[in-house]
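Visitor: Quick one: this structure, given as structure tokens, is what I'll be asking you about.
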Amino acid sequence: MAVATTEVQLTSTGPSGLWSWLTTVDHKRIGLLYGISALVFFIVGGLEAFFVRLQLSGANGTVLSADAYNQLFTMHGLTMVFLVVMPLGAAFTNYLLPIMIGARDVAFPRLNAFSYWVFFFGGVLLYTSFVVGGGPDGGWFGYAPLSIEITEVVRMDYWALGLQFLGVGSIAASANFIATILTMRAPGMTLMRMPVFIWMALVTAFLLIFSLPIIGVGLFQVFFDRNFGTLFYVSYAQGDPLLWQHLFWLFGHPEVYILILPAMGIVSEVLPTFSRKPLFGYSFVVFAGIAIGFQGFGVWSHHMFTSGMGPIAEAGFATSTMLIAVPTGIKIFNWIGTTWDGVLRFKTPMLFSLGFIAMFVIGGLSGVTHAIVPADTQQHDSYYVVAHFHYVLFGGALFGFVAGVYYWFPKFTGRMMSETLGKWHFWLMLAGFNLTFAPMHILGLNGMPRRTYRYPEGLGWEFWNGIATLGSAVIAISGLVFIWNLIKSRKHGEIAGPDPWDGRTLEWTISSPPPVHNFDEVPIVQHRDDFWHQKYTEDDDGYLVELEPVSGGTAVLTGPEDHGDERKEIHMPSPSYYPILSALGLAISSIGLIYQPVGFIITAVGMMVALWGLFGWAIEPSQREPYYV
Amino acid sequence: MSEAVVEDVLTGDHDDHAGHGEGHHDMTPVRKAAMWVFLGSECMFFGALISTFLLYRNATADGPGPAEVFDIPFTSASSFILLMSSLTMVLAHHANHNRDMRQARVWLLATAGLGATFLAGQIFEFTEFVQNGLSLSTSPFGSSFFLLTGFHGMHVAIGVLMLLAMYVMSLNGRLNDEEGMNVELVGLYWHFVDIVWIVIFTVVYLLQV
């Protein structure tokens, strides 16, 4: 395609400028905001990890003090879980959910903007801690009584409030997603015709809805213990610190599936496209995802095998933990079945998806070893655990999300990402990842403890730690390649067109990037993988036959200007600044809670701002200007 | 969930709801689905608070225990008032459904009034408890009691505010707009808060004395 016509071919995605982004209620822009925030936090969280690796690269490391080390490993964990992987899931779900089910937006566009801004201020709150007395330093899990005893600085207060904020944002977003999926699907889009990614988003939303309130209560208790004199976790006053572990992991284990299920959904979209086959065992993949959702609530105490729960509880949770490997295994076999005998195209999204399967299998297998109580008692709090969860969360979730970025970047921006840089990125990341985390299995089995800022000479840990630090440098380089690829392709990438990968689902029927209203005509869905069935059919021997494109059908795209006088008014929400105002008010009021009694003035001011935002929101109509297609 | 929502979920068919032109959904089933989801989330919230209370019901340290502070006849009376507010809520919903706005306003105000009376009773009760030596920082029992009942009281207070907002909206003739809260959603929330109180009254008060 000629470069000269480039600008003309990209669809308008609405007004530009900072204000339009602050007040946007467009699910696609909110998705991009989540994604860009996650990328920024990924760089920050990655740097934190890199400093941790530098400190541990040899015996008696001197790069960091014990205090700095505690802050960095805590913030690395919090950042990667809550500010990178969770928002990445929200980013893809926001952008793709309405398009994939044939809707023009989510059910509650302003609530969606509110969710993003609450998330944003939650991240800001967590990092504000660094400038007012140091970052949170009690671990991302904030075990009591340690988390209530560090009271001379406000670090763990910011932790408790920041997480509470992120939780509120996620609950609001999830209620929105569930309502959207259950009630706003295009005609004919039955539940069992939905893309697997949407199914996994639905299960994830239910997990968030039911798990976040539990840690919410725990965080209130810790915050009250620290600031208002309650005795929930004060053991000398008959408080029971073990309660925190139960509340935390009753959230924390479903959280693991909250992180991985959206990535599993993405892989379930990428593999069929690049194998040119439908997903093998669609209903098995869907029901395995639902099964994981239910079972995910029954395994939390395997994080607590060394806490002295007694043999009956330990046996029960060991069994439930082994059982949850079954639906996970079903998915892996179905993905392999999807690629089996397919016409494979090893584009970058496909490479990352295959990488996901391989790395996730390794992480899953080491996970099963944690289900065996005697073995787990040895592995507990050792680097073996660090190796395990990085294999599932980095090798698993993050590989899946990166596959998603390469796969849908053409849809988001209208341009392809560079395949050459993409392949460099993949191989560097795969090599760096394994160099960093595979040695940690050995270190952990040799007894190296987690969360310890240095180790003496003569324990034989130097070599593998050195390799791990080298690996983390390779990961850093792969990250730079990725960012370079994003920046370069955003400006100069090849024009993608609506359907660059010969895709199967509805998002490929509309222009890249999609117009504000997504669909000129709400599509009518007749099949699972509906777009594929519009393009191809099978002959008697089961071979693919390409169909003639239907003229004027969804595959042929026209801009709004082509409609001339036949412009049709549709319902599209107008931008609003009330969501960001409400979120800002809540953030201000919660900062005030930390600095009582004077802070109650700040809290009062914040509540006024929040009420202004919420009332304004309630009173203004969602659509103030007519919108024409 | 209403039948319409269930039907939607099963069939993916929304044509019968599109009564306002192209692409404009009737938002009632959508909003109801979201409210049900939110209430599901609230179940876990109160579940965790009640579990904490049950763990600490005997952790009274040197402070008073349940039998020494609870005044069951008083709390029974305030519980009765709160439960009656569910009845007036139903009447408000029914009147609004029949577009009898004068009746609807009366019952909305009655519901808010009963809720406020319950809150006043709770404030009185809390003051009594503190005077009898049970506060947030007396014992884990006190901490968990006040956190649980306090959060419930906050839910009632938010419900009262929403009911009053409904009343003001009815004066402006905007009560049945297609956007925002409506009587049915506030009703769902209000009944939920009442049901949680039945559990709290049974588990926290009646079973502990």
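Visitor: Semi-axes of the equivalent ellipsoid of region A:40-87: what are they in whole Å, largest first, if each equals the square root of 5 times a C-alpha gyration tensor eigenvalue?
Guide: Result for region A:40-87: semi-axes of 22, 10, 7 Å.
Visitor: Give, rounded to the nearest 20 debye, the magnitude of the charge dipole that the protein assembly as shown has about its Cα centre when Lys and Arg contribute +1 at Cβ and Asp and Glu contribute -1 at Cβ.
Guide: 1360
Visitor: One-quarter of the Cα convex hull surface for region A:434-494, in nm²?
Guide: 5.3
Visitor: Ignoring ligands, DNA and RNA, how much accessible area is buried between chains A and B, both sides summed, with a 1.4 Å probe, to the nearest 100 Å²?
Guide: Its buried surface, counting both partners, is about 3600 Å².
Visitor: Here is a follow-up. Assuming a viscosity of 0.692 mPa s and a temperature of 37 °C, what translational diffusion coefficient in µm² per second does Stokes-Einstein assign to region A:195-252, Rh being the Kirkwood radius over Cα pairs?
Guide: For these conditions, the coefficient is 256 µm²/s.
Visitor: Let me ask something additional. Roughly speaking, to the nearest percent, how much of chain A's 1.4 Å accessible area is carbon and sulfur?
Guide: Carbon and sulfur atoms account for 69 percent of the accessible area of chain A.
Visitor: Right, another one. Identify, among A:Val154, A:Leu593, A:Leu202, the residue whose Cα sits farthest towards the positive end of the charge dipole of the protein assembly as shown, taking +1 on the Cβ of Lys and Arg and -1 on the Cβ of Asp and Glu, with the dipole about the Cα centre.
Guide: In the protein assembly as shown, that residue is A:Val154.
Visitor: Hey, what does the equivalent ellipsoid look like for region A:159-308, semi-axes from the Cα gyration tensor as sqrt of 5 times each eigenvalue, largest first, whole Å?
Guide: The equivalent ellipsoid of region A:159-308 has semi-axes of 37, 17, 11 Å.
Visitor: Something else: Work out the charge dipole of region A:23-628 with +1 on the Cβ of Lys and Arg and -1 on the Cβ of Asp and Glu about the Cα centre, then indicate which of A:Met80, A:Ser353, A:Gly414 is farthest towards its positive end.
Guide: A:Met80
Visitor: Right, next: Take peptides A:329-336, A:452-459, A:189-196 and line them up by average Cβ neighbours within 10 Å, highest first, as a rough protection proxy.
Guide: A:189-196, A:329-336, A:452-459
Visitor: Averaging the inverse of every distinct alpha carbon separation and then flipping it gives the Kirkwood radius. What is it for chain B, in angstrom units?
Guide: After inverting the pairwise mean of 1/r, the radius is 18.9 Å.
Visitor: Binning at 10 angstrom from zero up to the longest distance, how are the C-alpha pair distances of the protein assembly as shown distributed in percent?
Guide: Per 10 Å bin, starting at 0, the Cα pair percentages come out as 2, 12, 22, 25, 20, 12, 5, 1, 0.
Visitor: Please sort B:132-140, A:494-502 by packing, taking for each peptide the average over its residues of neighbouring beta carbons within 10 angstrom, highest first.
Guide: Per-residue mean Cβ counts within 10 Å order the peptides as B:132-140, A:494-502.
Visitor: With point charges of +1 on the Cβ of Lys and Arg and -1 on the Cβ of Asp and Glu, referenced to the Cα centre of region A:23-628, which listed residue (A:Ala68, A:Ile330, A:Phe519) lies farthest in the positive direction of the dipole?
Guide: Working it through, the farthest residue towards the positive pole turns out to be A:Ala68.
Visitor: Using a 10 Å cut-off on Cβ to Cβ distances, tally the other chain neighbours for every residue of A:203-216 and report the average as a whole number.
Guide: 3
Visitor: Return the calculated 222 nm mean residue ellipticity for chain A, to the nearest 500 deg cm²/dmol, obtained by summing -39500 (n - 2.57) across DSSP H runs with n ≥ 4 and dividing by the residue count.
Guide: -21000 deg cm²/dmol
Visitor: Which entries in the list A:Lys331/A:Lys535; A:Lys277/A:Lys347; A:Lys411/A:Lys568; A:Lys277/A:Lys423; A:Lys347/A:Lys491 go over 18 Å, if you measure between the two C-alpha atoms of each?
Guide: Those over the limit are A:Lys331/A:Lys535; A:Lys411/A:Lys568; A:Lys277/A:Lys423; A:Lys347/A:Lys491.
Visitor: Averaged across B:30-39, how many Cβ atoms of other chains sit within 10 Å of each residue's Cβ atom?
Guide: 6
Visitor: Can you send over the carbon and sulfur percentage of the accessible area for chain B, probe radius 1.4 Å, protein chains only?
Guide: Here carbon and sulfur together make up 64 percent of the probe-accessible area.
Visitor: Using +1 on the beta carbon of Lys and Arg, -1 on that of Asp and Glu, and nothing else charged, what's the dipole of chain B about the Cα centre, debye to 20?
Guide: The calculation lands at about 700 debye.
Visitor: Shifting gears a bit: Can you give the mean number of other chain Cβ atoms that lie within 10 Å of the Cβ atoms in peptide A:515-524?
Guide: Across the residues of A:515-524, the mean count of other-chain Cβ atoms within 10 Å is 1.
Visitor: Still on this model: Peptides A:100-109, A:412-421, A:582-591: what's the order by average Cβ count within 10 Å, highest mean first?
Guide: Descending packing order for the listed peptides: A:100-109, A:582-591, A:412-421.
Visitor: So, one more: On average, how much accessible surface per residue is there in chain A, in Å², for a 1.4 Å probe, leaving out ligands, DNA and RNA?
Guide: It amounts to 38 Å² per residue over chain A.
Visitor: Also, I was wondering about something else. Can you give the direction-averaged projected area of the convex hull of the alpha-carbon atoms in region B:54-119, in nm²?
Guide: 5.9
Visitor: Which value, in debye to the nearest 20, gives the size of the charge dipole of region A:454-513 about its Cα centre, when Lys and Arg are +1 and Asp and Glu are -1 at the Cβ?
Guide: With Lys and Arg at +1 and Asp and Glu at -1, about 220 debye.
Visitor: Counting only heavy atoms of the protein chains, get the accessible area per residue of region B:38-208 (1.4 Å probe) and round it to a whole Å² value.
Guide: 42
Visitor: Another question, if that's okay. Helix-only mean residue ellipticity at 222 nm, chain B, DSSP H runs n ≥ 4 weighted -39,500 (n - 2.57), per residue, nearest 500. What is it?
Guide: -25000 deg cm²/dmol
Visitor: So what does log10 I(q)/I(0) come out to for region B:46-168 at q = 0.15, 0.21 Å⁻¹, using the Debye formula with one equal point on every Cα and no solvent?
Guide: Values, matching the q order: -0.74, -1.12.
The values are calculated or read from the model by the stated rules, or taken from the named source; none is laboratory data. Just so it is clear, the model here is predicted, and its values are computed rather than measured. Note that we place each Cβ from the backbone using ideal geometry, even for glycine, and neighbour counts take in every protein chain shown. In case anyone asks, the SASA skips ligands and DNA or RNA and just uses the protein heavy atoms, side chains included. Shrake-Rupley method; radii C 1.70, N 1.55, O 1.52, S 1.80 Å.
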